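The values are calculated or read from the model by the stated rules, or taken from the named source; none is laboratory data. The structure presented is a predicted model; accordingly, all values stated were derived computationally and were not measured. Quick reminder, even Gly has a Cβ in these numbers, built from the backbone with ideal geometry, and neighbours come from all protein chains shown.
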Amino acid sequence: MRVRWWAGAAAIVMALVIVAIASAQGDPVIQGAKLYADNCVVCHGAGGEGRVGARLKDFPSINPAAFVKATVANGVPGSRMPAWSQAKGGPLTDAEIEAIAAFVATWTLGNVTPAPTEPPPVLTPLPTVAGVSGDPTRGAQVFQQNCKVCHGDRGEGRIGARLAKSFASAFPAAYIKQVVSDGVNGSVMPTWAQSSGGPLNTQQIDDVTAFVVSLFKTGSPTFIEPTATPPSSSGSALPVIGGVMLLGIAIAVVVIVSARGARKI
């Protein structure tokens, strides 16, 4: 009989832990942190401090989550902010946008938890491109960190233009460098050159130019993706799981004591 009561108590604890883990995994804030890292960090920064996009720590709304949701879904006409919702031609579902909004809205509580970051992928070395001064292998790294969110992992296009193609310009390298440096007026392509307020120095722009040219001259590189790590930005899972485990232990103790009391009677 004692073994049965211990087995029952253990089953209770395990069931509660499983429920807690499932609840934590379904936390929209945790999901939103990962989605923000994959789609928003490049423009707005890991902590919403702003980069080539707006600063996100202050909101002109009494309902930040609703404001962020509407802005992400519909974009901001006349600005560099595109529409991300699938209904507007973007790549994100309504549920994904709601999760991003839930994560960003937590910043209004005071402590800004940065979005999770992942190690960059390993890049196969690329051959140099004739007539281009930059290093395409280094440029691939710059591209992955700054450009892929809009143009796709391999330049296939996403919410930005397709780059794995031939360019109409007689001097594609010069054209690409100018577009990266100065942006494109009237589009969502921002200015990236430090000389114009962007985050990239001249060498980085030369390197990413060489990479983009290589996309249609030599083919795209081989990417070895790093081992994915679970997002830990909000830190909400551990307290929930820990609390449920303590509750489970307490229930188990009560069950065992009650069982012993019943046997004495």
Among residues of the range 155-190, those that are more than 19 Å from C40 (Cα to Cα), of a type outside the set (F, W, Y) and not in a loop (DSSP other than H, G, I, E, B), counted:
9
Matching helices (runs of 4 or more DSSP H) fully within the range 23-111 where at least 3 residues are free of Cβ contacts under 8 Å to residues at least 40 places away in the same chain and surrounded by 15 or more Cβ atoms within 10 Å (Cβ to Cβ)
64-74
Any hit, the range 113-123, residues being modelled with pLDDT under 90, touching a strand residue (DSSP E or B) at 6+ places or on another chain (Cβ under 6 Å) and over 30 Å from A66 (Cβ atoms)
yes
Top-ranked residue of the range 195-206 - restricted to ones that are at pLDDT 95 or above and over 24 Å from the mean Cα position of the chain (by Cα), ranked as surrounded by the most Cβ atoms within 10 Å (Cβ to Cβ):
D206
Of the residues in the range 132-178 that are aliphatic (A, V, I, L, M) and surrounded by fewer than 19 Cβ atoms within 10 Å (Cβ to Cβ), the one that is farthest from L35 (Cα to Cα) is A170
Condition met for P127 (under 24 Å from R51 (Cα atoms) and in a loop (DSSP other than H, G, I, E, B)):
no
